[in-house]
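Participant: One structure, pasted below without further comment.
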Amino acid sequence: MYTEKVMDHFQHPRNVGEIENASGVGTVGNAKCGDIMRIYLDIDDNQIIRDVKFKTFGCGAAVATSSMATEMVKGKSIQEAMEVTNKAVMEALDGLPPVKVHCSLLAEEAIHAALWDYAEKHGIKIEGLKKPKSDIHEGEEAEEEEY
Ligand code: FES
């Protein structure tokens with residue numbers, strides 16, 4: 001059911017932990033399954049993501065996608081990190097089973113929430129960034145059938 005890359009990131013997740021005095025912290029949940037994801041970002045003065053860590057109470061797919069997502073945003077600029085979508089993360093993992101696609105949204109949304117937190121703290125605007133949802137299903141009921 002899972003690709004080798006998903007299994008690898010699930011069994012050996014990268015960047016697990018937390019960052020003290022993080023530049024931005026984002027937490028999102030999935031009310032349907034009760035899983036929660038928290039992402040910590042350390043962003044330097046040039047708006048480069050120096051470090052990133054995550055913590056989760058989540059399923060294997062949420063762990064694997066978050067692990068991969070943290071690898072993909074580390075060392076990147078804020079704008080580059082905005083391009084790390086759940087789709088890009090899934091592609092990097094060679095795919096996820098269709099029923100697990102929604103799990104990959106936790107990582108994307110948590111990164112966006114952490115960037116939002118950073119932007120608020122620094123009084124800046126990040127192009128393309130919308131106010132984060134605290135639950136990934138907020139306002140997405142209509143799409144539910146597709147999962
Ligand atoms: Fe909840 Fe995967 S089942 S995030």
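The values are calculated or read from the model by the stated rules, or taken from the named source; none is laboratory data. Predicted model, so just to flag it, every value in this text is computed and none were measured. Quick reminder, even Gly has a Cβ in these numbers, built from the backbone with ideal geometry, and neighbours come from all protein chains shown.
Participant: Hey, Lys130 hits all of (1) in contact with a His (Cβ under 8 Å, 6 or more places away or on another chain); (2) in contact (Cβ under 8 Å) with a residue 40 or more places away in the chain; (3) part of a loop (DSSP other than H, G, I, E, B) but one; which does it fall short on?
Facilitator: Checking Lys130 against (1) in contact with a His (Cβ under 8 Å, 6 or more places away or on another chain); (2) in contact (Cβ under 8 Å) with a residue 40 or more places away in the chain; (3) part of a loop (DSSP other than H, G, I, E, B), the one that fails is (2).
Participant: Considering only the stretch 79-101, state which residues are part of a helix (DSSP H, G or I), farther than 16 Å from His137 by Cα and β-branched (Val, Ile, Thr).
Facilitator: Of everything in the stretch 79-101, just one residue is part of a helix (DSSP H, G or I), farther than 16 Å from His137 by Cα and β-branched (Val, Ile, Thr), namely Val89.
Participant: I would also like to ask the following. Being in contact with a strand residue (DSSP E or B) (Cβ under 8 Å, 6 or more places away or on another chain) and either at pLDDT 90 or above or of a type in the set (Phe, Trp, Tyr) (or both) is the filter here; which residues of the stretch 120-147 pass it?
Facilitator: Lys121
Participant: Also, quick follow-up: Pairs under 9 Å by beta carbon, first residue within 15 Å of Ala119 (Cβ to Cβ) in the stretch 27-48, partner crowded, with 20+ Cβ neighbours inside 10 Å and acidic (Asp, Glu), six or more apart or different chains?
Facilitator: Sorted first by the residue in the stretch 27-48, then by its partner, the pairs are Leu41/Asp117.
Participant: Looking at the stretch 91-104 only, could you name the residues that are crowded, with 16+ Cβ neighbours inside 10 Å and more than 13 Å from the ligand (Cβ to nearest atom)?
Facilitator: Ala92, Leu93
Participant: Across the stretch 4-57, which residue is surrounded by the fewest Cβ atoms within 10 Å (Cβ to Cβ) among those that are within 12 Å of the ligand (Cβ to nearest atom) and aromatic (Phe, Trp, Tyr)?
Facilitator: Ranking the qualifying residues of the stretch 4-57, first place goes to Phe57.
Participant: For the stretch 1-29, what are the residues that are more than 13 Å from Val63 (Cβ to Cβ) and in a strand (DSSP E or B)?
Facilitator: Across the stretch 1-29, the qualifying residues are Gly24, Val25, Gly26, Thr27, Val28, Gly29.
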